[in-house]
Amino acid sequence: MIIRNLDLQPHQTMACASQAEAAARVRSLAELREALAWAAVQGCPVRVLGEGSNVLAAERVDGLTLINEMVGLQVVRQSDTTVTVDVGSGINWHWWVRFSSAQGWHGLENLALIPGTVGAAPVQNIGAYGVEVEAFVEQVEALNLRSGEQRIFRHKDCAFSYRDSVFKGAERELWLITRVRFCLPFHFSPVLTYGPLQSLQNPTPRGLIDQVCQVRQQKLPNPWQMPNAGSFFTNPVVDQAQADALQKAFPGIPVFPAGQGRCKLAAGWLIDQAGWKGQSDPESGVGTWPQQALVIVNPQKRPRSDVLAFAERIQEAVEDRYEVRLEREPRLFG
Ligand code: FAD
Ligand code: NAP
C-alpha cells in the first residue's frame with residue numbers, strides 16, 4: 001500500500017517534474033489511519049494531495065504523500081427548503097456540482113468546471129463568478145495528520161474569507177478533510193452579476209452550468225492538455241486611498257468593492273497592462289496564457305523552479321509599475 005518513489009508529474013495539473021519519497025492512496029478512514037501509522041513509525045512528514053490543481057510540487061517531495069480518494073455521499077436531513085448532504089472529500093468537484101444541481105439541490109452552479117476534489121474546496125474557499133463555496137458549507141470533518149484526532153469544524157471555525165480559510169492559514173498542512181457537509185436550497189436563485197453570465201435570462205440550472213463551462217473552456221487552458229494551475233496569483237486587495245491613486249494614474253483599471261472599505265484589483269489586468277500577456281520564457285517555455293494573463297502555463301512540464309523564476313519576473317514587473325505585490329495562489333507542495 002505504500003508506494004516508494006512515486007512519479008508525481010501526472011498527479012498535478014502544472015505537471016512539474018516531481019517524485020514522492022513515499023505515497024499512499026487512501027480510500028477510507030481505515031486506510032488513512034494505516035498510512036499515518038506507517039508515517040509515525042518512520043517519523044516522516046505527511047502531506048495531502050487531491051487532484052493537484054492548486055499545487056506546485058518540489059522535484060523531490062520528502063515523507064509520505066497521501067492521495068485522497070475517499071468517496072461516499074449521504075443525505076443527512078431535508079427541510080421544506082434545503083437538503084443537507086455529507087460528501088466524501090475525494091469526490092471530483094465538477095461531478096458533485098452537476099450531480100447536486102441535477103437532484104434539484106442548488107447554489108453550486110457557478111462553480112462548475114473548477115478542477116479538483118470536494119475536500120480541497122474549503123481549503124481556499126473556492127470561488128467563481130460571484131459565488132464562494134463557503135456559502136453552502138455547514139461543516140467540515142477532518143482528521144489530524146499528527147495526532148489522529150477527528151474534529152468537526154463548524155462554518156465559523158473554518159475562518160473562511162476571500163480564497164482563504166483556516167486550512168490555508170493557522171492550521172495549514174495539519175488536517176486531512178475527510179467529508180464536507182453542504183446545505184443546499186431547493187430554490188434556484190442564479191447569481192448572474194459577472195459579465196459572461198449577464199446575458200442569460202431566466203436560465204435553467206443546467207443552462208447556467210453549460211454557460212459557465214463554455215466561458216471557461218473558451219478562456220482557460222484545459223489543464224490536462226496545457227499544464228497550468230489556474231490563476232497563479234490572487235487578486236490584490238488594497239485600501240481605498242491606494243485604489244483611488246491607481247485609478248488616477250491608470251484610468252480604466254478595474255476596481256471592485258471588497259468590503260470593509262477595501263478594494264479588489266484584477267491581477268490579470270495588471271499583468272496584461274504591464275505587457276506580460278502571452279509572453280513566455282524562450283528557454284523554459286513557461287509563460288502566460290494569451291486569453292488570460294493570470295494563468296501561467298508550463299508546456300514543457302519543467303520543474304517548479306522554472307515556473308517560480310518566471311512568476312518572480314511578473315511579480316517584479318507588476319510591483320515596479322503599480323507598487324502592488326502579487327501573492328502566489330497555488331500551494332508549494334514539498
Ligand atoms: P490540490 O491541488 O491537490 O491541493 C491544494 C491544497 O489543498 C494543497 O495544499 C493540499 O495539501 C490541500 N488539500 C487537498 N485536499 C485536501 C484535503 N482533503 N484535506 C486537507 N487539505 C487538502 N480555484 C478557484 O477557487 N476558483 C476557480 O475558478 C478555479 N479555477 C481553476 C481553473 C484551472 C484550470 C485550474 C488548474 C485550477 C483552478 N482553481 C480554481 C484552483 C483549484 O482548482 C482549486 O483550488 C481546487 O479546489 C484544488 O483542488 P485539488 O483537489 O486539485 O487540490
Ligand atoms: P473575469 O470574469 O475576466 O474577471 C476578471 C477579474 O475581475 C476576476 O478576477 C474577478 O474577481 C473580477 N470581477 C469580474 N467581474 C466582477 C464582478 N461583477 N464583481 C466582482 N469582481 C469581478 O475572470 P476570469 O479569469 O474569466 O475568471 C472567471 C471566474 O472564475 C472568476 O471568478 C475567477 O476568480 C474564477 N477563476 C479562478 C481561477 C483560480 O484558479 N482561482 C481560475 C480561473 C477562473 P474574482 O476572481 O474575485 O471573481
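The values are calculated or read from the model by the stated rules, or taken from the named source; none is laboratory data. On a predicted model such as this, the values are computed, not experimentally measured, just so you know. As a convention, Cβ positions derive from the backbone with ideal geometry for all residues, glycine included, and neighbour counts pool all protein chains shown. For the accessible areas, the whole protein counts, side chains as well, though only heavy atoms, and no ligand, DNA or RNA atoms are used. Shrake-Rupley method; radii C 1.70, N 1.55, O 1.52, S 1.80 Å.
Here is how the numbers come out for the structure above:
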read-out: Spans of helices (runs of 4 or more DSSP H) in region 146-261 with at least 1 residues more than 22 Å from the chain's Cα centre (by Cα) and not polar (S, T, N, Q); value: 205-219, 240-249
read-out: Which numbered condition G50 misses (of (1) assigned by TED's automatic domain parsing to the domain that holds P185; (2) under 20 Å from E171 (Cβ atoms); (3) within 11 Å of ligand 1 (Cβ to nearest atom); (4) of a type outside the set (A, V, I, L, M, F, W, C)); value: (1)
read-out: Enumeration of residues in region 282-293 that are free of Cβ contacts under 8 Å to residues at least 24 places away in the same chain and either in the same structural domain as A57 (by TED's automatic domain parsing) or open to solvent by less than 10 Å² (accessible area, probe 1.4 Å) (or both); value: G287
read-out: K264 vs. criteria part of a helix (DSSP H, G or I) and among the basic types (K, R); value: no
read-out: Matching residues in region 113-137 - criterion: being assigned to a loop (DSSP other than H, G, I, E, B) and surrounded by fewer than 23 Cβ atoms within 10 Å (Cβ to Cβ); value: L113, I114, P115, G116, Q124, N125, I126, Y129, G130
read-out: Tally of residues being in contact with a Ser or Thr (Cβ under 9 Å, 6 or more places away or on another chain) and not small (G, A, S) across region 211-235; value: 6
read-out: Breaking point among (1) within 24 Å of the chain's Cα centre (by Cα); (2) of a type in the set (K, R); (3) over 16 Å from P221 (Cβ atoms), for K277; value: (3)
read-out: Residue identified as more than 25 Å from the chain's Cα centre (by Cα) and open to solvent by less than 60 Å² (accessible area, probe 1.4 Å) among A58, A30, A22, A39; value: A39
read-out: A17 vs. criteria more than 22 Å from I177 (Cβ to Cβ) and aliphatic (A, V, I, L, M); value: yes
read-out: Long-range neighbours under 6 Å by Cβ, at least six apart or interchain, first residue surrounded by fewer than 17 Cβ atoms within 10 Å (Cβ to Cβ) within region 138-153, second part of a strand (DSSP E or B) and acidic (D, E); value: I152/E141
read-out: Qualifying residues in region 180-203 (those that are among the aromatic types (F, W, Y) and open to solvent by 50 Å² or more (accessible area, probe 1.4 Å)) - the one nearest to ligand 1 (Cβ to nearest atom); value: Y194
read-out: Restricting region 294-322 to residues that are among the charged types (D, E, K, R) and touching a residue at least 60 places away in the same chain (Cβ under 8 Å), the residue that is surrounded by the fewest Cβ atoms within 10 Å (Cβ to Cβ); value: K301
read-out: Residue list for region 63-100, filter: assigned to a strand (DSSP E or B), hydrophobic (A, V, I, L, M, F, W, C) and touching a residue at least 40 places away in the same chain (Cβ under 8 Å); value: L64, L66, I67, V76, V83, V85, V87
read-out: Neighbours by Cβ (under 8 Å, 6+ apart or cross-chain): first from region 204-221, surrounded by fewer than 19 Cβ atoms within 10 Å (Cβ to Cβ); second polar (S, T, N, Q); value: R206/S101; Q218/Q291; K219/Q291; K219/Q292
read-out: Region 87-99: number of residues that are under 21 Å from W175 (Cβ atoms) and open to solvent by 10 Å² or more (accessible area, probe 1.4 Å); value: 3
read-out: Tally of residues being over 23 Å from S79 (Cβ atoms) and within 16 Å of ligand 2 (Cβ to nearest atom) across region 89-109; value: 2
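Yes/no matrix, rows are residues, columns are (1) among the hydrophobic types (A, V, I, L, M, F, W, C); (2) touching a Phe, Trp or Tyr at 6+ places or on another chain (Cβ under 9 Å):
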site	(1), (2)
I3	yes, no
H11	no, no
A17	yes, no
L36	yes, no
E51	no, yes
V61	yes, yes
M70	yes, no
